Amino acid sequence: IASFSQQDVAGYLSNSKTGVIPLMAKVAVVLVLLTPDGKAFLFANLISPVVSAFMNAGAKFGNSSLGTSFGGADNVKGFFNSVLTKVTDFNKSSYQIVALGRELLCLAFNPASFLDIHWKLIPYAAALYIFGWLICIAISFYMLDVLFRLGVGCMLLPMAVACGVSKLTSQYSKKTWELFVNVCFNFLMLGIVCNFSIKAVSSLFVFFCFLN
């Protein structure tokens with residue numbers, strides 16, 4: 001603005017970086033996205049599909065499914081309700097190892113006679129039971145950390161949208177988006193770890209049954 005001699009009126013109005021018209025267009029888009037309908041558009045068409053896709057990709061590694069989309073996730077409440085539903089599915093899948101250990105313990109002590117108890121089965125069943133609980137506890141704390149970061153990202157989302165107006169503040173918009181992407185990859189790794197643990201333990205159980 002201070003150097004009119006270096007640019008004409010057209011450049012001042014329509015320059016892609018410092019022009020008034022592009023800046024007004026950015027402000028208009030930001031104002032629309034900060035409205036309730038704009039935030040609903042962001043959650044329904046950007047945040048929810050990306051998070052859902054990564055969660056389902058993690059589930060697919062184990063030939064399981066957590067659904068294909070979030071239902072009614074066009075706001076923060078609906079989005080977190082959908083995320084918590086799928087996190088519960090992850091937790092249930094990790095509990096399979098604990099259930100397998102308990103089942104083996106029941107089978108070991110099933111005979112009515114004390115002498116007929118399957119003593120060889122007890123150490124393996126106890127190891128599965130303890131190992132399963134360790135996995136469940138670790139996954140629970142991991143999910144708490146991921147959900148906390150996801151909550152921070154949702155709280156910062158309006159500020160991140162507003163910061164996208166200027167190139168001086170657009171870095172904060174980028175960092176907020178990177179936070180969502182990081183959470184998505186954490187959900188992906190969570191699905192891989194859950195399914196890998198279940199498959200590994202199941203394979204060991206089949207091998208043990210073959211030996212006996």
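Of the residues making up segment 59-83, those that are at pLDDT 75 or above and either surrounded by 20 or more Cβ atoms within 10 Å (Cβ to Cβ) or among the hydroxyl-bearing types (Ser, Thr, Tyr) (or both) are Phe79, Ser82, Val83.
Taking the criterion of being touching a Phe, Trp or Tyr at 6+ places or on another chain (Cβ under 9 Å), within 30 Å of Lys26 (Cβ to Cβ) and open to solvent by 50 Å² or more (accessible area, probe 1.4 Å), the residues of segment 150-205 that qualify are Leu156, Met159, Phe185. Among the residues of segment 95-152, those identified as free of Cβ contacts under 8 Å to residues at least 24 places away in the same chain and outside any helix (DSSP H, G or I) are Phe109, Asn110, Pro111, Ala112, Ser113, Ile117, His118, Trp119.
Among the numbered conditions (1) without any contact (Cβ under 8 Å) to a residue 24 or more places away in the chain; (2) crowded, with 16+ Cβ neighbours inside 10 Å; (3) not hydrophobic (A, V, I, L, M, F, W, C), the only one that Lys86 does not meet is (1).
The values are calculated or read from the model by the stated rules, or taken from the named source; none is laboratory data. It should be emphasised that the depicted structure is a prediction, and the values quoted were computed from it without experimental measurement. Neighbour counts run over all protein chains shown; Cβ positions are idealised from the backbone, glycine included. These accessible areas exclude ligands, DNA and RNA; they are computed on the full protein's heavy atoms, side chains included. Shrake-Rupley method; radii C 1.70, N 1.55, O 1.52, S 1.80 Å.
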